[in-house]
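Participant: Sharing a structure here in structure tokens format.
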Amino acid sequence: MTENAGTGPSDGAEKNPAQEFTHIAVLAQEVVNLLVTGRKGTFVDATLGMGGHTARLLAALPADVSVLGIDWDPEMAAIAARNLAQFGPRVKIAQGNFANIDEITAREGISSLSGALFDLGISSLHFDKASRGFSIKHDGPLDMRINPDNPLTAYTIINQWPYEQIEHLIRICGERHSRRITKAILDTRRARALETTAELGALIARVVPAHGEKIHPATKTFLALRVAVNYEFDNITRGIQKIMPLLKPGARLGIITFHSLEDRIVKETFKMMASLGGWQPVTRKPVKPSEAELQENKRARSAKLRVIEKL
Ligand SMILES: C[S@@+](CC[C@H](N)C(=O)[O-])C[C@H]1O[C@@H](n2cnc3c(N)ncnc32)[C@H](O)[C@@H]1O
């Protein structure tokens, strides 16, 4: 069974903390083909991760274009800084939430952008590093914060939120057995707190019939918790709204999503932008990974890239 969310290689094995984590940038060639234009100035990679897309973009962009890379997770920003050191002053790295992209660019003295990429969600490191608490497979604390300074954790939701709020959260994220799962969580926590990802995964597996499905029965609950802990849907909407006035005419905005709920937000927002005027879709249908890419990177299987251009 797999967790069915995210990007990057997965061997299913527990990682040694000293070992370097890796992440394969998804749809990398398609990103280069669709987002590299002749526009000069600063390009923004709003979800820098380990810097895979930024490295590919820098190699393809004219030498006088620099990239501002943003990541909310200071651990990722530090890894990217190491991985991108070879590009010298062509890369600037900022730690922050892309929902505040207007403040981040202002702080960096940047008033307009020549293009932008959002590769949503979390990195392979987040899934594979047990201590970050995102994984069903790698047992860790119920954490799931992208930014470890965030006050809300998955532990708080699971052990303190009322039945109605938990049930609603996991239902809107597509879990059919939301009532059964929430009841089991509340029954358990009356006796003791639920502490770890493995405990929660096992509890859900006990109450939800697997029906031979390939994904773990707790996958949708884990996705729902991650989305709530990091207010992911709100961030997408705010990030797009804030970046719109910063993009120069002719600049393109590309967004990669990994599940239907976030793709729907992007699709509807792009549709609204086009109807307002001043924006033109570049991709009529979302671009998906090729068979060759899927062979190399299983975690790319649900990726969709949508691109829009400012007129
Ligand atoms: C799918 S990974 C990006 C991988 C990257 N494109 C690469 O090639 O390595 C998503 C990254 O976005 C970051 N992230 C998620 N939400 C964010 C937000 N609201 N603001 C800034 N970064 C965010 C995560 O910490 C993660 O590193």
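Participant: Of the residues 130, 77, which single one is under 30 Å from residue 250 (Cα atoms) and either hydrophobic (A, V, I, L, M, F, W, C) or open to solvent by less than 40 Å² (accessible area, probe 1.4 Å) (or both)? Working first, answer last.
Facilitator: On the way: 130 fails: under 30 Å from residue 250 (Cα atoms).
Testing whether each residue is under 30 Å from residue 250 (Cα atoms) and either hydrophobic (A, V, I, L, M, F, W, C) or open to solvent by less than 40 Å² (accessible area, probe 1.4 Å) (or both) leaves just 77.
Participant: Within the stretch 218-243, can you find the residues that are open to solvent by less than 40 Å² (accessible area, probe 1.4 Å) and either of a type in the set (S, T, N, Q) or in contact with a Pro (Cβ under 8 Å, 6 or more places away or on another chain) (or both)?
Facilitator: Within the stretch 218-243, the first condition is being open to solvent by less than 40 Å² (accessible area, probe 1.4 Å), and the residues that meet it are 218-219, 221-230, 232, 235-236, 239-240, 243.
Listed by number, the residues that qualify are 219, 221, 230, 235.
Matching residues to (1) assigned to a strand (DSSP E or B); (2) closer than 24 Å to residue 68 by Cα:
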| residue | (1), (2) |
| --- | --- |
| 200 | no, no |
| 233 | no, yes |
| 237 | no, yes |
| 243 | no, yes |
| 251 | yes, yes |
| 285 | no, no |
| 306 | yes, yes |
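Participant: The conditions are (1) more than 27 Å from residue 36 (Cβ to Cβ); (2) touching a residue at least 40 places away in the same chain (Cβ under 8 Å); (3) of a type in the set (A, V, I, L, M, F, W, C), and residue 203 fails exactly one of them. Which is it?
Facilitator: (2)
Participant: Answer yes or no as to whether residue 215 is crowded, with 19+ Cβ neighbours inside 10 Å, β-branched (Val, Ile, Thr) and under 22 Å from the mean Cα position of the chain (by Cα). Lay out the reasoning, then the answer.
Facilitator: Values: crowded, with 19+ Cβ neighbours inside 10 Å: no; β-branched (Val, Ile, Thr): yes; under 22 Å from the mean Cα position of the chain (by Cα): yes.
Considered against the rule, which asks whether it is crowded, with 19+ Cβ neighbours inside 10 Å, β-branched (Val, Ile, Thr) and under 22 Å from the mean Cα position of the chain (by Cα), residue 215 comes out as no.
Participant: Among all residue pairs at least 6 apart or on different chains, which show Cβ distances below 6 Å where the first residue, located in the stretch 89-113, is in a helix (DSSP H, G or I) and the second is hydroxyl-bearing (Ser, Thr, Tyr)?
Facilitator: 90/66
Participant: Of all residues being part of a helix (DSSP H, G or I) and open to solvent by less than 30 Å² (accessible area, probe 1.4 Å) in the stretch 56-74, which is farthest from the ligand (Cβ to nearest atom)? Just the residue, please. Before the answer, list the steps.
Facilitator: Residues of the stretch 56-74 that are part of a helix (DSSP H, G or I), as a first pass: 56-60, 74.
Keeping just the survivors that are open to solvent by less than 30 Å² (accessible area, probe 1.4 Å) gives 57-58.
Details: 57: 10, 58: 12 Å.
My answer is 58.
Participant: Here's another thing I want to ask about it. From the residues in the stretch 48-62 that are within 14 Å of the chain's Cα centre (by Cα) and in contact (Cβ under 8 Å) with a residue 60 or more places away in the chain, which one is nearest to residue 256 (Cα to Cα)?
Facilitator: For the stretch 48-62, the residue satisfying everything is 53.
Participant: I need the full set of residues from the stretch 268-305 which are open to solvent by less than 50 Å² (accessible area, probe 1.4 Å) and among the charged types (D, E, K, R), in order please.
Facilitator: If we filter the stretch 268-305 for residues that are open to solvent by less than 50 Å² (accessible area, probe 1.4 Å), which is where we start, we get 269-270, 273-274, 277-279, 281-283, 286-287, 289, 293-294, 297, 299-300, 302-303, 305.
Within the stretch 268-305, 293, 299 qualify.
Participant: Touching a strand residue (DSSP E or B) at 6+ places or on another chain (Cβ under 6 Å), open to solvent by 20 Å² or more (accessible area, probe 1.4 Å), in the same structural domain as residue 57 (by TED's automatic domain parsing) and in contact (Cβ under 8 Å) with a residue 24 or more places away in the chain: does that describe residue 246? Explain how you work it out, then say what you get.
Facilitator: Numbers: touching a strand residue (DSSP E or B) at 6+ places or on another chain (Cβ under 6 Å): yes; open to solvent by 20 Å² or more (accessible area, probe 1.4 Å): yes; in the same structural domain as residue 57 (by TED's automatic domain parsing): yes; in contact (Cβ under 8 Å) with a residue 24 or more places away in the chain: yes.
Spelling it out, residue 246 is indeed touching a strand residue (DSSP E or B) at 6+ places or on another chain (Cβ under 6 Å), open to solvent by 20 Å² or more (accessible area, probe 1.4 Å), in the same structural domain as residue 57 (by TED's automatic domain parsing) and in contact (Cβ under 8 Å) with a residue 24 or more places away in the chain.
The values are calculated or read from the model by the stated rules, or taken from the named source; none is laboratory data. What you see is a predicted model; the values in this text were computed from it and never measured. Glycine also receives a Cβ, built like all others from the backbone with ideal geometry; neighbour counts cover every protein chain displayed. Just the protein is used for accessible areas: all its heavy atoms, side chains included, with ligands, DNA and RNA removed. Shrake-Rupley method; radii C 1.70, N 1.55, O 1.52, S 1.80 Å.
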